[in-house]
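First comes the structure, then the notes that go with it.
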């Protein structure tokens, strides 16, 4: 695993389980974020720049079943959905969940194995690669992208797990153009 460079924003270094919005239970120790429950979500107080590359090193602890990575393009938020019944796609595209025009069929995550997920968001393009293999290459107007599972901040990045616990070894964003920001409002953790 490559170290995080000075040109990348390390989202895990800013995790505070007392202030980050969460559902389910999470644990953060030794620099690793782990979903304790199978259905959990966490939002990061970070709004990505206009164009960026997210790198996530993830490890399914069971299953695997769905891992969703919230992204943002042109003012529109959407999910990169991995391992949903061996389908991987962007959600929603034109209001359609999995399967849709971006769907890649195949198992890309395996229990107990680390996987490197790279999401590159550019104007009118979203690419997703897993362990060096590009699985999604979508081109279109970002207004076609939307969310089906909301988080408190429409602008912030987030992770959502469904039906499986995950360990997150790394979550970083490399700005390609524009500037990232931290939203002024940080939502309290649900109790």
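The values are calculated or read from the model by the stated rules, or taken from the named source; none is laboratory data. Keep in mind that what you see is a predicted model, and the values were worked out from it rather than measured. All Cβ positions, glycine included, derive from the backbone under ideal geometry; neighbour counts span all protein chains shown.
Among residues of region 144-161 being buried (at least 19 other Cβ atoms within 10 Å of the Cβ) and part of a loop (DSSP other than H, G, I, E, B), the one that is nearest to the chain's Cα centre (by Cα) is 156. For region 40-56, a residue qualifies if it is part of a strand (DSSP E or B) and closer than 17 Å to residue 171 by Cβ, and the qualifying residues are 40, 41, 42, 43, 44, 47, 52, 53, 54, 55, 56. Within region 23-39, the residues that satisfy the criterion of being surrounded by fewer than 20 Cβ atoms within 10 Å (Cβ to Cβ), in contact with a strand residue (DSSP E or B) (Cβ under 9 Å, 6 or more places away or on another chain) and either in a strand (DSSP E or B) or free of Cβ contacts under 8 Å to residues at least 12 places away in the same chain (or both) are 23, 27, 28, 32, 34. Among the residues of region 125-138, none qualifies, meaning not one is in contact with a strand residue (DSSP E or B) (Cβ under 9 Å, 6 or more places away or on another chain), modelled with pLDDT under 95 and farther than 20 Å from residue 15 by Cα.
If you go through region 123-143 and pick out every residue that is touching a residue at least 60 places away in the same chain (Cβ under 8 Å) and buried (at least 16 other Cβ atoms within 10 Å of the Cβ), you end up with 1. So which residues in region 60-101 are touching a strand residue (DSSP E or B) at 6+ places or on another chain (Cβ under 8 Å) and free of Cβ contacts under 8 Å to residues at least 40 places away in the same chain? 81, 86, 87, 98, 99, 100, 101 - these are the residues of region 60-101 that are touching a strand residue (DSSP E or B) at 6+ places or on another chain (Cβ under 8 Å) and free of Cβ contacts under 8 Å to residues at least 40 places away in the same chain. Note on region 79-90: residues that are on the phi < 0 side of the Ramachandran plot and crowded, with 24+ Cβ neighbours inside 10 Å amount to 6. Only one of the numbered conditions (1) in contact (Cβ under 8 Å) with a residue 60 or more places away in the chain; (2) more than 18 Å from residue 151 (Cβ to Cβ); (3) buried (at least 17 other Cβ atoms within 10 Å of the Cβ) is not met by residue 109, and that is (1). Within region 162-182, if we keep just the residues that are over 19 Å from residue 67 (Cβ atoms) and either touching a helix residue (DSSP H, G or I) at 6+ places or on another chain (Cβ under 7 Å) or not in a loop (DSSP other than H, G, I, E, B) (or both), the residue that is modelled with the lowest pLDDT turns out to be 181. Evaluation of residue 64 against the conditions (1) in a strand (DSSP E or B); (2) surrounded by 23 or more Cβ atoms within 10 Å (Cβ to Cβ); (3) over 15 Å from the mean Cα position of the chain (by Cα) shows that the sole unmet condition is (1).
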